[in-house]
Amino acid sequence: MLVQIARLLATLDLDDVLQQTIQLTTQTVGAARGTFFLLDAQGESLQRFISAQAYDAETREIVSRRVLEQGLAGWVMMNQQSALIEDTLTDPRWVVLDAEKERARVRSVLCVPFFVEGELRGVMTLEHPQPYHFTQAHLRLVEAAANQAAASLRNAQLFDRVQAQQRELQAILDSVSESLLVLDRLFCVRLANPAALALLGAQESDVLGFNLEALAARLDNPFLAQLAQKLTAALQDAQSRFELRDERAKRDFVVNVASIDARRAAESGYVLALSDVSSLKDLTRLKTHMIQMASHDLKNPIGVLRNYLDVIRADVDSGLLPDRRFLENMYKALARMEALVVNLLNVQRAEETEPLSRELFDPYELINAALEDMLPSLHVRQQTLIQNLQPNLRPLKGDFSRLREAINNLLDNASKYTPEGGEIVVSAYSEDERFTFSVKDNGYGIPADQQAAIFQPHFRATQAATRHISGSGIGLSLVKEVIERHGGQVWFVSKEGQGSTFGFWLPILT
Ligand code: ADP
């Protein structure tokens, strides 16, 4: 038995070590069954309770607590010495758990403590249905077995702890949204969490063991080559953080670098945490752009106003009535400024992504409100408005004021990108649970090669005919956002020099 127990040293599985120790000693001393209470590596709480009895989880908990607090195992732990009970009926250290059944089953008991490096780590109990079954010789033999098993127990417990820590680490790695890469000193990937694999669009087996540069070539991913370069530079400059842009995916990252072992940084390898900061960058870029644009675009109408005011003051000083056309032009400059400010506000609002309201309203009310806003610009540009609204449009549900802004943007564009005297047709109909709205103009149109980007924020088509028209390139992106948040879609068709039709549909919700 002792030889077999000594062989357990090669076993790293804790449950195996415990089971086999019980089994070998049970057989050797002719016991009916054995139980093991194992404390954790700190000797503080119960780590395993192995019993021949098939208890459910709750009963196990109750049984183990009672036995440890009041029973023989508790006594052995407390006194740190073995115990031999010749007859359970006459020994108060034996607590009877299930009165009659057990009285018949267990009459004699051996119980020995297990010490690892002098610290109590567990207790094994062997039972027999006959009284006076166990002898002092049995006791000494089992004590020797416990001594022998201690080293295996220690190894298995350490291994168990390492495994538990590894599982914890794995759970952490799996749950963080940052992409984590662990590299050895040659930049070979030793570990990549699911977020990192998703970022690289690769399986674990594609990346493990590969050096970053080799991987860049293998996955045809310039981002990785750039990562290797920047990492080398950062390590040379003793920097623990750098920025990186994935040009293909148009995403920005901040990479934090930590050495696995700070004292032997160059040999131990590195942990890289890549955080996607694109949305922050987009926001910063958007704000910078808005500020540049607003200051640039506002300068012009302000200049115009100042010039006219100078002229008018001079006229008034010399007793003349100012020219009415000057006033009209001043109004125009003012309108441009207003439009810019409205756009800025819209961007601000879109960033805040206020929740949409969901009110029931009459679509004619929506369209008429928007058309009313448009009348002055139609008037100034002498454009004709044709309304093509289906009678009996079904009521809509959604955010009235944001939809009104969306329609306003489409109407404004139609008027703005159509020369004086042009024609604008507004249509609306409901069909198949959809409400469809469109604005057709016979204006400048959009060059075919620029149409794909038209709904992107800040995009403005560049063509000679519309160069004189100021704008921010924000309007259409807002229209798209509002419509899509309502569950609908935007579309357009356009031909350069002939005109454009912009439209959208919304689901009719009841
Ligand atoms: P803005 O008008 O402020 O530039 P928008 O986002 O409303 O911004 O529009 C983006 C671009 O789409 C415009 O710059 C213009 O090039 C083009 N565009 C939009 N509507 C029309 C239209 N009805 N006709 C021709 N071009 C248009």
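Where a number appears in this text, it was derived from the coordinates with a stated rule and is not lab data. Worth saying up front: this structure is predicted, and the values here are computed from it rather than measured. So basically every Cβ, Gly included, is an ideal-geometry build from the backbone, and we count neighbours across all protein chains shown.
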### Task
Have a look at THR21, GLY487, PHE253 and report the one farthest towards the positive end of the charge dipole of the chain, computed about the Cα centre with Cβ charges (Lys/Arg +1, Asp/Glu -1).
PHE253
### Task
Calculate, in whole percent, how much of the Cα-Cα pair population of segment 385-440 lies beyond 18 Å.
40 percent
### segment 359-507, relative contact order in percent, only Cα pairs under 8 angstrom and at least six apart counted
24 percent
### the chain - percent relative contact order, Cα under 8 Å, separation 6 or more
8 percent
#### Entry: Farthest toward positive dipole pole in the chain [+1 Lys/Arg, -1 Asp/Glu at C-beta], among LEU173, GLY34, SER268
SER268
## Note on the structure
Under the 7 Å Cα-to-Cβ spin-label approximation, ASP449 and SER268 lie apart by a distance in nanometres of 5.6 nm
### Task
Find the eigenvalues of the gyration tensor of the Cα atoms of segment 192-344, then list the square roots of 5 times those eigenvalues as equivalent ellipsoid semi-axes, largest first, in whole angstrom.
60, 16, 11
### Summary
Taking r as the C-beta separation of PHE115 and THR232 and R0 as 51 Å, the FRET efficiency to the nearest 0.05 is 0.45
### Task
Quick one: P(r) of segment 234-275 from all Cα-Cα pairs, 10 Å bins, percents rounded to integers, in order of increasing distance.
28, 46, 21, 5
### Query
Quick one: length gained pulling LYS332 to GLU420 fully straight, 0.36 nm per residue minus the C-alpha distance?
30.2 nm
## Note on the structure
Cα-only Rg/Rh for segment 176-276 with Kirkwood Rh rounds to 0.93
### Summary
Partner lysines whose C-alpha sits under 26 Å from that of LYS287, ignoring same-chain residues fewer than 8 away, are LYS250, LYS299, LYS416, LYS480
## Note on the structure
Of segment 395-436, those with amide N under 13 Å from the point 7 Å along the Cα→Cβ vector of LEU356 are 396-407, 435
### Task
Relative to the compact-globule scaling 2.2 N^0.38 Å, provide the ratio for the alpha-carbon radius of gyration of segment 281-351.
1.48
### Residue-averaged 222 nm ellipticity for the chain, from DSSP H runs of 4+ at -39500 (n - 2.57), nearest 500
-15500 deg cm²/dmol
### Query
Roughly what % of DSSP beta bridges within the chain run antiparallel, to the nearest 5?
90 percent
### Message
With a cap of 10 neighbouring Cβ atoms within 10 Å, and only residues DSSP puts in a loop, list the trypsin sites (Lys or Arg not before Pro) found in segment 421-510.
### Response
ARG467
#### Entry: Two-decimal Rg/Rh across segment 1-137, once Rg and the Kirkwood Rh are taken from alpha-carbon atoms
0.94
### Message
Based only on other Cβ atoms within 10 Å, what is the fewest-to-most ordering of ARG251, ARG121?
### Response
ARG251, ARG121
### Query
So, in nm, how far is label ARG218 from label ARG434 when the simple model puts each one 7 Å beyond its Cα toward the Cβ?
4.7 nm
### Message
Taking 0.36 nm per residue of sequence separation and subtracting the Cα-Cα distance, how much length would be gained by fully extending the chain between GLU86 and ALA151, in nm to one decimal?
### Response
20.4 nm
### Query
Taking square-rooted eigenvalues a ≥ b ≥ c of the alpha carbon gyration tensor, is the chain rounded, prolate or oblate, where a/c under 1.5 means rounded and, failing that, a/b exceeding b/c means prolate?
prolate
### Query
Got the relative contact order for segment 176-276 handy, in percent, Cα pairs under 8 Å and 6 or more residues apart?
29 percent
### Message
Compute the distance from the alpha-carbon center of segment 167-187 to that of segment 1-19, in whole Å.
### Response
34 Å
### Query
Listing LEU183, LEU244, LEU224 from the residue with the fewest other Cβ atoms within 10 Å to the one with the most, what is the order?
LEU244, LEU183, LEU224
### Stretchable slack from ARG140 to THR510, in nm (0.36 nm times residue separation minus alpha-carbon distance)
124.8 nm
### Message
On C-alpha positions alone, give me the angle between the axis of helix 57-70 and the longest principal axis of the chain, in degrees, nearest 10.
### Response
50 degrees
### Task
Quote the charge dipole size of segment 176-276 about the Cα centre in Debye, to the nearest 20; the model charges only the Cβ of Lys and Arg (+1) and of Asp and Glu (-1).
120 debye
### Query
Which is the longest part of the chain that has none of the GluC sites (Glu not before Pro) sitting in a DSSP loop with at most 13 other Cβ atoms within 10 Å?
248-419
